[in-house]
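Written out below as structure tokens is the structure these notes cover.
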Amino acid sequence: MVEFLFTEKPGRSFWVFAAQEIIKIQYMDEKIPLGVPHPLPDELPSAYADRIGRWYLSWHLPNKALGQIFTPLPVARFMSELLPERDGLTRVLDPGSGLGILACAVCEVMQCDIEIEAYEVDSNLVTYLTICLDYTQRWMKSRKRHLTYRIIQEDFVLVNGDALNHTVEGLFDIVICNPPYFKVAKSDPRAQIATPIVYGQPNIYALFMGISAALLHTEGYAVFITPRSYAAGQYFSRFREYFFSIMRPRALHLFESRRDVFADVLQESLIMLAERSKQDKPIIVSSSTNLDFSEIFQRQKSIDDVMSRDVVLHLPLSEQDDRIAAIVRSWTGNLHDYQMEISTGPVVPFRAAQLISLIGDVPSTHAPLLWMQNVKPMRCEWPVRHKAQYIALRGANRLLLPNRNYVLLRRFSSKEEHQRITAAAYLADIHSPTIGLENHLNYIYRPDGELSDDETVGLAVLLNSSLMDAYFRIFSGNTQVNATELRNLPLPPLDAIIELGRSVTSSNTSVDTLITEVLGIYA
């Protein structure tokens, strides 16, 4: 274990304990390694850490293998300002410290003495993290406050994962964290440690959140910035059940544009302030249109407005969102009630590469193969250019589906695509006994029968509507349209869906107009 312990001592010397050797580093107030930016007069610690970070990124790429994404300065300050004031010595955990900008921001807003425990596994960053926290220590001393910090150059999950398996005495008053973001293999020791809260190939950020919560004192606070993906979906259900059994959300902030914070993260970014408590209180739900937080839209909601019975977070950002949520939640039907099911296309291209071709003879030797590119709002186009549109019948028996009515849905939307759900009514209008559906498509069908034309078209109308798109965005920030989420989606009576289908066959009216005319919804 590599551990660094720093306190204010004359001479500015400290010891670095490395794996098999001890290295003494002389670090005078004015002596910073060559080329590293010096602090400006009375510069705020977070601003100095941000400047060090921009300098570091000017000559060194982030370590993608470690899921390294630096926190922008406005975000660091916003997160720290969400934390309530504390009296007396405050113990702060920064589990993925980077250059310490979040811990530095906490030191700026808290008017008390602070102990920081900072984990940073990247040896390239530890020198610069030390410089940033050492400057913060001197900055606080000039304001009659005391800072002690410890840098631990170890994997946070491996060191602390046992906290998930038994109750630990709370070690920290505050956690502030921008965790790394990458998938962990099922065989990885970190995934195995975290089996109480995740399964399969979890994303590392959920492990950071769960373990951090386990290390908090009762009535301690944690503030995280993460992708929004944990807030909904079956994949994170075990995590949500654990996390929200010991933590209660107090504030949730969503960025309206996915590109605002981290360009490489497909999901929307969500800041959550949570308290280790079982007591529910009003929750502040807010959003901003830009990264400088100059325009923040804020409202207060109850826990019942924000968290559903199946522990999914809903983020209604406006009164219109409230109206839409109330309308959809009033519907009592779902796919299962109407003897329908949703599945994912069985053709995985790299596994069936030898069967897929640009040319073919349908129906004698090939079946049509439909991809995301074939699915447009309300319609299916086949064939399309620049995509292999045929799959050989010989050898593909288990991959092909009967050629019948389906509602086809794209599983993914692009980052800033206007419509999150894109659904097509496929009415078995290609002359072939079977069809192939590629793995980036979901399809709705009736296992013990067949969807009627009106049911198929009516469902496509509903799913393509602005009403359903807005409701979907309230509880899901993913670019992926998850089959589980659609399976649980409330639906109006089947008769109303059929009427939607009948109406579209006899008019060219837009889907939103049909929703208004047939369902009487003006949200």
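Report, by residue number, each residue of region 157-181 that is not aliphatic (A, V, I, L, M) and not in a helix (DSSP H, G or I). N165, H166, T167, E169, G170, F172, D173, C177, N178, P179, P180, Y181, listed by residue number.
So, S80, is that one within 28 Å of F293 (Cα to Cα), part of a helix (DSSP H, G or I) and of a type in the set (S, T, N, Q) or not? Show your work before the answer.
Numbers: within 28 Å of F293 (Cα to Cα): yes; part of a helix (DSSP H, G or I): yes; of a type in the set (S, T, N, Q): yes.
In short, yes.
Is it the case, given these coordinates, that L451 is touching a residue at least 40 places away in the same chain (Cβ under 8 Å), farther than 18 Å from K387 by Cβ and assigned by TED's automatic domain parsing to the domain that holds I342? The answer is yes for L451. Whether a residue is among the hydroxyl-bearing types (S, T, Y) and either assigned to a helix (DSSP H, G or I) or surrounded by fewer than 23 Cβ atoms within 10 Å (Cβ to Cβ) (or both) was assessed, and S46 passes this test.
Of all the listed residues (V407, V362, V348), the sole one being touching a residue at least 40 places away in the same chain (Cβ under 8 Å), surrounded by fewer than 15 Cβ atoms within 10 Å (Cβ to Cβ) and among the β-branched types (V, I, T) is V348. Of Y119, Y128, all but one fail to be among the aromatic types (F, W, Y), surrounded by 21 or more Cβ atoms within 10 Å (Cβ to Cβ) and over 24 Å from L40 (Cα atoms); the exception is Y119.
Selection of region 265-296 for residues being under 29 Å from F182 (Cβ atoms) and of a type in the set (D, E, K, R) yields E268, E275, R276, D292. Would you say A213 is assigned to a helix (DSSP H, G or I), in contact with a Lys or Arg (Cβ under 9 Å, 6 or more places away or on another chain) and not polar (S, T, N, Q)? Yes; evaluated as a whole, the condition is true for this residue.
Before we move on, is F224 within 26 Å of S287 (Cα to Cα) and buried (at least 21 other Cβ atoms within 10 Å of the Cβ)? In short, yes.
From the list Y128, Y135, Y149, exactly one residue is of a type in the set (S, T, Y) and closer than 21 Å to S212 by Cα. Which is it?
Values: Y128 fails: closer than 21 Å to S212 by Cα; Y135 fails: closer than 21 Å to S212 by Cα.
Exactly one of Y128, Y135, Y149 is of a type in the set (S, T, Y) and closer than 21 Å to S212 by Cα, namely Y149.
Scanning region 219-259 for residues that are among the aromatic types (F, W, Y) and at positive phi gives no hits. When each of I69, I52 is tested for being closer than 15 Å to P180 by Cβ and surrounded by 17 or more Cβ atoms within 10 Å (Cβ to Cβ), the lone residue that passes is I69. Given the structure, is Q192 under 18 Å from the mean Cα position of the chain (by Cα), surrounded by fewer than 22 Cβ atoms within 10 Å (Cβ to Cβ) and assigned by TED's automatic domain parsing to the domain that holds V121? In short, no. Quick one: would you say E108 is surrounded by fewer than 21 Cβ atoms within 10 Å (Cβ to Cβ), modelled with pLDDT of 95 or more and closer than 17 Å to D50 by Cα? Yes: the conditions hold for E108.
For L164, the conditions (1) surrounded by fewer than 22 Cβ atoms within 10 Å (Cβ to Cβ); (2) touching a strand residue (DSSP E or B) at 6+ places or on another chain (Cβ under 7 Å) all hold with the exception of (2). The helices (runs of 4 or more DSSP H) located wholly in region 424-523 that include 2 or more residues which are in contact with a strand residue (DSSP E or B) (Cβ under 7 Å, 6 or more places away or on another chain) and surrounded by 18 or more Cβ atoms within 10 Å (Cβ to Cβ) occupy 453-464, 483-487. From the set of residues in region 229-257 that are modelled with pLDDT of 90 or more and of a type in the set (D, E, K, R), which is surrounded by the fewest Cβ atoms within 10 Å (Cβ to Cβ)? My answer is E241.
Check region 147-156 and report whether any residue there is assigned to a loop (DSSP other than H, G, I, E, B), in the same structural domain as E275 (by TED's automatic domain parsing) and either of a type outside the set (D, E) or on the phi > 0 side of the Ramachandran plot (or both). Looking for residues that are assigned to a loop (DSSP other than H, G, I, E, B), in the same structural domain as E275 (by TED's automatic domain parsing) and either of a type outside the set (D, E) or on the phi > 0 side of the Ramachandran plot (or both), one finds at least one in region 147-156, hence yes.
All of Q373, Q354, Q320, Q389 fail the test of being surrounded by 15 or more Cβ atoms within 10 Å (Cβ to Cβ), out of contact with any helix residue (DSSP H, G or I) (no Cβ under 6 Å at 6 or more places or on another chain) and in contact (Cβ under 8 Å) with a residue 24 or more places away in the chain, apart from Q389. In region 313-327 there is no residue matching the filter, namely being under 30 Å from E438 (Cβ atoms) and either in the same structural domain as L489 (by TED's automatic domain parsing) or of a type in the set (A, V, I, L, M) (or both). When you look at F208, is it within 22 Å of Q68 (Cα to Cα), modelled with pLDDT under 95 and not hydroxyl-bearing (S, T, Y), yes or no? Taking the combined requirement at face value, the residue does not satisfy it.
The values are calculated or read from the model by the stated rules, or taken from the named source; none is laboratory data. Model, not experiment: these values are computed from the prediction. Cβ: placed from backbone, ideal geometry, glycine included. Neighbour counts: every protein chain shown.
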